Amino acid sequence: MAVPQLDGHVIIAGAGIGGLAAAIALARHGIASKVVEREKVFSAEGAGIQLGPNATRILKRWGVLGRLGGGVVCPQCIEIHDGRSGAKLARVPLGDSVQARYGAPYITLQRAELHRALLAQARAHDAIVLKRRFEVENIFSSTANGIAVQAMDGARAKACLLIGADGVRSRVREAIAPHAELKFSGKTAWRTLLDISTLAARFQTPAVGLWMAANAHLVHYPVGGGKTLNLVAVIDDACAQQGWNARGMPDEIRAHFRDWPDDIETLISGAGTWRKWPLVEMPRLESWSQGRAVLLGDAAHPILPFLAQGAAMAIEDADALAQALAGHSSSLEHALMTYQTMRQRRVAAVQSASRRMGYIYHMSGLAARARNLVLGASRPETLLRRYDWLYRFGGEEG
């Protein structure tokens, strides 16, 4: 289906999860795009990723879910523990319970596997062109007739719309909202991958593990078809560490978990290579677009990872943007405003809930005791129902 106000193709800055999702969503509505990526190869950094049914429902509709290989795991539950005593506090059912309740699965996998599936789906569309070694540096004109961008090497390209899906340190956002500044959240995330066959039996089950304590929490879950454990440690930090996705020293992270149960200390000590990065936030943008440029995913709204919704929000954004463009063919301005209206309240709710979860995970003293008592008294089904607002989103289209 042609979209009159988009006379030509769309340029999408960034070939990560959000950028590829945007290209696929647009192609389904007959909108051609060129995805430009600054790197020499199309690849996704990172270790594991969790995708709830609000994301997998869309991926299924796009045909991407079926492209995921044997590395996908469907965890059966989330097991919540006290990080100091090791006591099991609660269990949130996943697996068949999620599939039956929300009509789509909850999965864990390596981020690279999701990226490969999106890339394969994008390459299957004639309406999508992929271009490497093109990093958008400047928007040098945005008029009623189109937009022109310039790459770091001086190359220029023209399009009818520019979508900034270039991540938390977005170049496109700098042009749309030059005064928006990232703020360190006070927490740093550490990630590593472990061979699951070398670990204690409790870490070999198809489950997501969450361990909570004052000033730190730990999350682990299987990826790689159950052969690998993705391990994430989040610690309170006095100041932002230098570097993004920098190498972390094992002795430094071990020091934060010395008073934890023995099997957790053993788990952390077994990791030889860690990557770490500061978790950042950003004040809400008044507008996600300017002229013929619009933002999507982390470029528009960085989200703390405590609900595992960063990638899901980018996928939801992509779907909503494509629907808005296809549904408001008479006015690009109206389409972009509709997209922002569709997404801002939803994203703000997820950001707020994620921030609150980070606070709850790191409680201490009487607050932590009260938290543990409430969790211990909660039925598993009741805990799952608390996520209805998050996972049922878009279910009428599933």
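Residue pairs whose Cβ atoms lie under 7 Å apart, separated by 6 or more positions or on different chains, with the first residue in the range 66-83 and within 19 Å of Pro261 (Cβ to Cβ) and the second among the aromatic types (Phe, Trp, Tyr), are His81/Trp211; Gly83/Trp211; Gly83/Trp260.
Only residues that are modelled with pLDDT under 95 and of a type in the set (Gly, Ala, Ser) were counted in the range 345-398, giving 3.
Taking helices (runs of 4 or more DSSP H) as the structural unit, those lying wholly within the range 318-397 and holding at least 3 residues that are surrounded by fewer than 17 Cβ atoms within 10 Å (Cβ to Cβ) and free of Cβ contacts under 8 Å to residues at least 60 places away in the same chain correspond to 332-361, 365-377. Among strands (runs of 3 or more DSSP E) entirely within the range 102-159, having at least 1 residues that are in contact with a Lys or Arg (Cβ under 6 Å, 6 or more places away or on another chain) and touching a residue at least 12 places away in the same chain (Cβ under 8 Å) singles out 128-131, 136-143, 146-151.
Take the residues in the range 71-93 that are farther than 30 Å from Ala322 by Cα and assigned to a loop (DSSP other than H, G, I, E, B), then tell me which one is nearest to the chain's Cα centre (by Cα). Per the stated criteria, the residue is Pro75.
Would it be correct to say that Arg101 is modelled with pLDDT of 95 or more, of a type in the set (D, E, K, R) and surrounded by fewer than 22 Cβ atoms within 10 Å (Cβ to Cβ)? It is true that Arg101 is modelled with pLDDT of 95 or more, of a type in the set (D, E, K, R) and surrounded by fewer than 22 Cβ atoms within 10 Å (Cβ to Cβ). Among the residues of the range 83-98, those that are surrounded by fewer than 16 Cβ atoms within 10 Å (Cβ to Cβ) and out of contact with any Pro (no Cβ under 9 Å at 6 or more places or on another chain) comprise Ala87, Lys88, Asp96.
In summary, Ala300 fulfils each of the numbered conditions (1) in the same structural domain as His217 (by TED's automatic domain parsing); (2) crowded, with 19+ Cβ neighbours inside 10 Å; (3) under 21 Å from the mean Cα position of the chain (by Cα) with the single exception of condition (1). Is it the case that the range 275-296 has a residue that's touching a Lys or Arg at 6+ places or on another chain (Cβ under 8 Å), assigned to a helix (DSSP H, G or I) and surrounded by fewer than 19 Cβ atoms within 10 Å (Cβ to Cβ)? No, the conditions are met nowhere in the range 275-296.
The values are calculated or read from the model by the stated rules, or taken from the named source; none is laboratory data. Note that the structure is predicted; figures quoted are calculated from it, not measured. Heads up, the Cβs are rebuilt from the backbone with ideal geometry, glycines too, and the neighbour counts pull from every protein chain shown.
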